[in-house]
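First up is the structure itself, then whatever we jot down about it.
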Amino acid sequence: MAKASEIKVGNILRYNGELVITTEVLHRTPGKGGAFYLDKFRNIKTGRIVEARLGTDEQVEICRVETNDYQYLYEEGDYLVIMDNTTYDQHSIPKTLFGPQVKFLKEGMNVIVSFESEEPIMGQMPNSVELEITYTEPAVKGDTSSGAMKNATADNGVEIKVPLFINQGDKIKVDTRTGEYIERAK
């Protein structure tokens, strides 16, 4: 247990029985009454923002979270099998940890997963991923207005918008957070 005054941004706490990550800490000292903290937490499972007013000596539970690099091996139903890069231990984690970014996962890709007492609580992918275009309509000459985009299908089945000059077989970089085309891969 720790005091509310020891909470820092980024700490993972157990608040009202749920795991939350601290996003904002404000210390207030009003002219009347004692000092207190106005904290904002984001629920790890639901993503909901929770605000709390904590006294400086109020007890909170800071959770011990282990975050490591893992290699994504394969998909197994609603779970993903990952392997620890140092010990070669394999874990099954729910797909929902990665949210909508899960569609960009490719076998062999490195991901970051956080565990709290053997339970996976957060997953994070790289900010960009390289994909190969397996299908796209060829560009028509003269159809090159600035910023024109067309649909393309990548090697993992994801459909994205790409510029007209991208052809079948090209490798591209895609932002996993937004799903948008960044550039051609070198």
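No lab work stands behind these numbers, since they all come straight from the coordinates. Please read all numbers here as calculations on a predicted model, not as lab measurements. Quick reminder, even Gly has a Cβ in these numbers, built from the backbone with ideal geometry, and neighbours come from all protein chains shown.
Worth pointing out:
- Label-zone membership for the stretch 147-178, site LYS106, 7 angstrom Cα→C-beta point, backbone N under 18 Å: 152-163, 166-178
- Rg to Rh quotient for the stretch 38-125, alpha carbon positions, Kirkwood Rh: 1.07
- For log10 I(q)/I(0) by the Debye sum over Cα atoms at q = 0.09, 0.10 Å⁻¹, calculated from these coordinates, the label among (i) -0.41, -0.47; (ii) -0.45, -0.54; (iii) -0.50, -0.58: (iii)
- When the Cα gyration tensor is reduced to axis lengths a ≥ b ≥ c, the ratio a/c is 1.5 or higher for the stretch 1-81, and with a/b above b/c it is classed as prolate.
- Relative contact order %, the stretch 2-62, counting alpha carbon pairs below 8 Å whose residues are six or more apart: 37
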